[in-house]
Amino acid sequence: MPVYSYMDSAMLARLDLVALALIALAALLGAGSGAMAAHATIGGVSINLPPPEGFCELSDGDPADKGMITKIGEVVGKGGNRLLNMSADCGQLADWRAQTRLLDDFAEYQTPVSSMDTTLAGAPAESIKQTCAELRTQGGKISADTASDVKSHIEQVFDKVRLNEVAFVGVLAEDTTACYAGQIAKYKTDDGTIKTQLTVFGITVVKGKYIFVYGFAVYLNSDVVDGVLAKVKANVAALLAANRS
């Protein structure tokens, strides 16, 4: 069985901005069926997928959820990934199912299809380091050393992004367990509202498998990035803890 020693360029290409933008757009529109569960089997390996605190999983048993899962799964699949699990803020999800609001705060787990049957060789930390290096070259390294400089950079990106465009804001954080990056996109919803979507994603390794951990929220100002990044970091930590042998 082939083994990956790092995240190769083909896998990183699946994080291209167009695919990420489509994922966010499909979620705003809300729409076979993909079965969501608290765990997934990837290349014969069972992995637990805990939802973020205060989030509830979407279910195939609910018609609205099923439409969302199917739509997102199709878009993610076109980007070369498999949607493993999707959840949303529990209060928002209840209102969304009642058709009284759109989802603003939701989360996803994904994995690259090309590596599902392979197992990572060596220490995950080295692969994560390589992944961050590749993402920085992909467009938008944040080289600032202070939080205020990072926020200034993100605000500049926000000012430049136009309707129906997406902008990669760069790598937001890196440690031995995951590489974190973000993007901002502007869309018009079905009711004519212009919404700015913030996506923060963490790339980590669980039991030798790459897992992408996504967090989505409405972008109001650069302070929102701190909150979403903290949530994605907490979700990565929970994911790793839930899968310790």
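For the pair residue 130 and residue 218 in one chain, pulling the backbone fully straight at 0.36 nm per residue adds 28.7 nm over the alpha carbon distance.
When the solvent-accessible surface of protein heavy atoms is calculated with a 1.4 angstrom probe, in what order do 56, 179 fall, highest first? All intermediate terms of the calculation are to be shown ahead of the outcome.
Values: 56 50, 179 0 Å².
So, going from the largest accessible area down, we get 56, 179.
Residue separation of residue 60 and residue 196 scaled by 0.36 nm, minus their Cα-Cα distance, works out to 46.2 nm of gained length. Among 113, 224, 206, the sequence by solvent-accessible area, most first, with a 1.4 Å probe is 113, 224, 206. Per-residue SASA remark: residue 180, around 0 Å² accessible (1.4 Å probe; ligands, DNA and RNA not included). Take every Cα pair under 8 Å in the stretch 188-237 that's 6+ residues apart, average their separations, divide by the length, and report that relative contact order as a whole percent. Contact order relative to length: 34 percent.
Provide the FRET efficiency to the nearest 0.05 for the residue 114-residue 39 pair, computing r from the beta carbons and using R0 = 22 Å.
Values: r = 22 Å, r/R0 = 0.98.
About 0.55, to the nearest 0.05.
Projecting label points 7 angstrom from Cα along Cα→Cβ for residue 100 and residue 175 puts them 3.8 nm apart.
The values are calculated or read from the model by the stated rules, or taken from the named source; none is laboratory data. Please read all numbers here as calculations on a predicted model, not as lab measurements. Using ideal geometry, Cβ is built from the backbone for each residue, glycine included, and neighbour counts are taken over all protein chains shown. Only protein heavy atoms, including side chains, enter the accessible area calculation; ligands, DNA and RNA are left aside. Shrake-Rupley method; radii C 1.70, N 1.55, O 1.52, S 1.80 Å.
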